[in-house]
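Step one of this worksheet: look at the structure below.
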Amino acid sequence: MIKEVFRSLIKPGLSALTKVMAGINMIFFPAPSGNDQRASLIHDNLERTYHIHIPSLYDNSLKVPLVIALHGRGGNGESMILITRKGFDKMADRDGFIVIYPDGIELNWNDGRSDEEGNDRAHRENIDDVGFISALINSMIEDYNIDPKRVYVTGISNGAIMSYRLACELSDKLTAIAPVDGNIPFKLADECKPLNAVSVLAINNINDPLVPYEGGEIYGHFHKVKLGRVLSVNESLRFWVNRNKCTPVPVVTEEPDRDPNDGTRVTRSEFFNGDNGTEVILYAVEGGGHTWPGGVQYLPALIIGKTSRDIDANEVIWEFFKKHSR
């Protein structure tokens with residue numbers, strides 16, 4: 001079955017990531033115990049779709065946290081569910097929060113990159129993804145009794161960069177973000193003027209072949225198409241350290257080498273004591289590629305690099321989120 005999934009990558013007109021993840025889903029992952037729904041809303045004259053996971057213990061009389069998880073370029077909400085091994089769904093059932101997996105327009109987010117050559121619709125037509133996520137948060141607060149003080153965003157790649165943009169433009173609605181394999185775009189760095197402090201946990205793989213750890217041009221998987229310039233990881237984190245007024249010198253620790261055979265090691269750098277209890281944390285994964293730590297190796301390591309097994313990004317991110325409330 002795995003061979004058939006990868007063979008299907010050569011067929012035109014379908015998202016490689018979505019097809020791979022759908023095949024992996026059929027093989028490996030049982031459904032969590034909560035309730036999965038497919039929903040939509042109209043924003044800016046477009047029907048915007050998303051997946052919702054409602055925990056099995058959900059009680060509409062109680063305010064609950066909301067986690068919004070954003071897919072990468074070429075994926076969709078379903079692929080985000082699967083690349084994370086349904087980890088957020090399982091933790092939602094355990095701890096009682098709601099997870100949403102929105103779909104970008106034609107598999108992309110308008111994340112603030114202005115110099116990209118990908119010619120995707122999200123950037124080409126300047127799709128209002130910030131407005132869509134804002135409207136989605138409003139809808140969830142009204143319909144599901146979401147606690148507006150506990151709204152969080154995470155994402156991978158294009159979704160990670162979009163997380164940074166949302167923190168810039170929706171700091172009145174977001175408590176914390178957790179971008180994985182993404183940095184702040186050059187243009188956005190000049191325009192980012194958040195009204196409020198936002199806690200940030202970033203996970204970046206040092207050997208990422210797509211989003212450069214040291215900043216610069218992003219390129220596509222298979223073609224040397226320029227997809228826009230980004231700051232380095234350190235510059236992206238320093239922006240939020242300064243904005244949140246965190247301590248300038250981090251506390252640095254090395255995470256345990258839980259899987260000596262995965263070819264990675266993880267270092268944690270934490271900047272404390274920001275405005276309103278905010279903090280900025282970086283998990284730097286030496287040897288890791290364009291991957292979700294603890295998640296699915298969705299393409300061969302020769303293409304995207306290695307997946308770290310020393311940390312589980314789902315657990316790390318949720319433990320970070322649940323410490324923070326506005």
- Those residues of segment 211-225 which are of a type in the set (A, V, I, L, M) and at pLDDT below 95 amount to I218, V225
- Task: Mind listing just one residue for me: the one in segment 263-286 that is in contact with an Asp or Glu (Cβ under 7 Å, 6 or more places away or on another chain) and buried (at least 17 other Cβ atoms within 10 Å of the Cβ) and, of those, nearest to V180 (Cα to Cα)?
- Result: I281
- Among the residues listed as G274, G287, G295, G263, the single one being modelled with pLDDT under 95 and not basic (K, R): G274
- Task: Please state which one of N183, N204, N119, N126 is part of a loop (DSSP other than H, G, I, E, B), of a type outside the set (D, E, K, R), in contact with a helix residue (DSSP H, G or I) (Cβ under 6 Å, 6 or more places away or on another chain) and under 22 Å from N76 (Cα atoms).
- Result: N183
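Every residue, every condition in (1) over 13 Å from the mean Cα position of the chain (by Cα); (2) among the aliphatic types (A, V, I, L, M), yes or no:
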position	(1), (2)
M80	no, yes
F88	no, no
M91	yes, yes
E117	yes, no
G131	yes, no
M162	no, yes
E169	yes, no
- Which numbered condition K226 misses (of (1) of a type in the set (D, E, K, R); (2) touching a residue at least 40 places away in the same chain (Cβ under 8 Å); (3) farther than 22 Å from R73 by Cα): (3)
- Message: Tell me whether segment 93-114 contains one or more residues that are surrounded by fewer than 16 Cβ atoms within 10 Å (Cβ to Cβ), in contact with a Gly (Cβ under 9 Å, 6 or more places away or on another chain) and of a type in the set (S, T, Y).
- Response: yes
- Task: Residue by residue through segment 140-158, note down the ones that are touching a Leu at 6+ places or on another chain (Cβ under 6 Å) and either polar (S, T, N, Q) or within 22 Å of N76 (Cβ to Cβ) (or both).
- Result: M140, V151, V153, G155
- Message: Checking V285 against (1) hydrophobic (A, V, I, L, M, F, W, C); (2) under 22 Å from R73 (Cα atoms); (3) assigned to a helix (DSSP H, G or I): exactly one of these is not met. Which one?
- Response: (3)
- Message: I'd like the full set of residues that are at positive phi and out of contact with any His (no Cβ under 9 Å at 6 or more places or on another chain), limited to segment 45-100.
- Response: N45, R85, G96
- Query: Any chance segment 250-263 includes a residue that's small (G, A, S), in contact with a Lys or Arg (Cβ under 9 Å, 6 or more places away or on another chain) and without any contact (Cβ under 8 Å) to a residue 60 or more places away in the chain?
  - Reply: yes
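Being over 27 Å from E191 (Cβ atoms), touching a strand residue (DSSP E or B) at 6+ places or on another chain (Cβ under 6 Å) and modelled with pLDDT of 95 or more narrows it down to one of D95, D89, so name that one.
D89
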- Note on the structure: Within segment 211-266, residues being in contact with a strand residue (DSSP E or B) (Cβ under 8 Å, 6 or more places away or on another chain), charged (D, E, K, R) and part of a loop (DSSP other than H, G, I, E, B) number 3
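The values are calculated or read from the model by the stated rules, or taken from the named source; none is laboratory data. Quick caveat, the model's predicted, so the values are computed rather than measured. We place every Cβ from the backbone using ideal geometry, glycine too, and count neighbours over all the protein chains shown.
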